[in-house]
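Let me begin by presenting the structure, written as structure tokens, before commenting on it.
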Amino acid sequence: MRIVDVKPAESRYILNDRWLLRLRLEILGVVKNENYRTPVMIPHYVTRWVTVAHIERLPEEGKEVSG
């Protein structure tokens with residue numbers, strides 16, 4: 001199976017008014033299992049996902065963050 005197009009789900013959280021936390025779900029792969037089928041005979045597919053976390057410091061009021 002080939003993955004043609006994906007738009008990862010992303011959530012953003014501000015922690016203690018100082019940090020921005022971004023969580024993104026990215027697809028790792030899809031597997032088709034021919035041993036199990038739905039009532040209309042469609043094979044069962046299993047999708048593997050991974051959570052990617054990124055945290056960055058927010059600039060303080062009146063100051064710039066360098067780097």
key: Residue-normalised accessible area of the chain, expressed per residue, 1.4 Å probe, Å²   = 93
Sequence-distant residues sharing a close amide H with residue 58 (under 5 Å, placed H) = 19, 20
note = Candidates for mean projected area of the Cα convex hull in nm² are [x] 5.9; [y] 9.0; [z] 7.4, and the calculated one carries label [z]
task = Counting only C-alpha contacts under 8 Å and six or more residues apart, can you give the relative contact order of the stretch 1-54 as a whole percent?
result = 33
inquiry  = Using each residue's phi in the stretch 41-47, evaluate 6.51 cos²θ - 1.76 cosθ + 1.60 at θ = phi - 60° and report the 3J(HN,Hα) Karplus result to the nearest Hz, with x for Gly and Pro.
reply    = 6, 7, x, 7, 10, 10, 10
query = At a 1.4 Å probe radius, carbon and sulfur cover how many percent of the accessible area of the chain?
reply = 52
request  = About the Cα centre of the chain, how large is the charge dipole given +1 on each Lys and Arg Cβ and -1 on each Asp and Glu Cβ? Please answer in debye to the nearest 20.
outcome  = 360
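The values are calculated or read from the model by the stated rules, or taken from the named source; none is laboratory data. Because the structure is a prediction, the values reported are computed rather than measured. Note: ideal-geometry Cβ built from the backbone for every residue, glycine included; neighbour counts use all protein chains shown. Surface areas here come from the heavy atoms of the whole protein model, side chains and all, with no ligands, DNA or RNA. Shrake-Rupley method; radii C 1.70, N 1.55, O 1.52, S 1.80 Å.
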